[in-house]
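The structure appears right after this line, and notes come after that.
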Amino acid sequence: MSSAAWPSPWRLRGLELRIDVDREDAQLEDELDLLQRRLARPGDALHGIACEPLALPGFRLHWREADGELYVYVEDVLRRRLAGCTVFNRLIELDARADRHLRSPHSRYRAAYRRRGLASAVYRRSLDAGMCLLTGVRQSGGAHALWRRLAADYPLHCVHLRDRVLRGLDGDLDAALRDDLYTRLMLLGRGWTVERLAAEAGLVPARG
């Protein structure tokens, strides 16, 4: 779906919500090195988990599910190096109905592997499988740029999540609403519409 076909009159400049999260690269490298060792260590919970080739040549995915959260590890096959990982977290703010269908992705990739489409491929795989995605309280600049790109192919909406109620927001957002920690972005996975999300996940649609 192109941006011109969005069901709501969003303007991307009005959707830049609390972009202020960045991680120290040295700390990130250490964390990914540890995960890489665990994936290769016989007897570790990460050793021998499910895997498949990534859509991008030269990479493959390893993944596991625990307590309803999906952990995806991206490996550079030629270099035998973990490029990064994405975790699709549950949100405690959602009620039981919405929790079945929405996850909040958080990605960590080494500097050498950023801007190569890896996180995008992982997100697309989940969206194409029918998962709907919701942003967390804050995003990094890179994560926000990724959501902007994904919005060209998947319906993007702005929602308000508070007291376990997920409400759609319509029209341009003022500064106060953009800065509100309860205001989030939402991408709909394949097969989902606002109407279906309202029926199956309890979304309160935006007022027309």
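Throughout, read-outs are computed from the coordinates displayed, never taken from laboratory work. Since this is a predicted model, take the numbers as computed values, not measurements. FYI the Cβ positions are ideal-geometry reconstructions off the backbone, even for glycines, and counts take in every protein chain you see.
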Estimated vicinal HN-Hα couplings, Hz - segment 126-134 in sequence order (Karplus 6.51, -1.76, 1.60; Gly, Pro = x)
6, 4, 5, 7, x, 7, 9, 10, 10
Evaluated over segment 66-208, the Cα radius of gyration and Dmax, each in Å:
15.5, 52
Report the extension gain between Glu200 and Asn89 in nm, rounded to one decimal, defined as 0.36 nm multiplied by the number of residues separating them, less their alpha carbon distance.
38.0 nm
Take Glu31 and Asp180, extend 7 Å from each Cα along the Cα→Cβ direction, and tell me the distance between the two endpoints in nm.
3.0
For segment 110-120, Karplus couplings with θ = phi - 60° (6.51, -1.76, 1.60), whole Hz, Gly/Pro x:
4, 4, 5, 10, 7, 6, 10, x, 5, 4, 4
Relative packing of 51-59, 88-96, 123-131, which averages over residues the other C-beta atoms within 10 Å, highest first
123-131, 88-96, 51-59
Pulled fully out, how much extra length does the chain show between Asp128 and Ala145, if you take 0.36 nm times their separation in residues and subtract their Cα-Cα distance?
4.2 nm
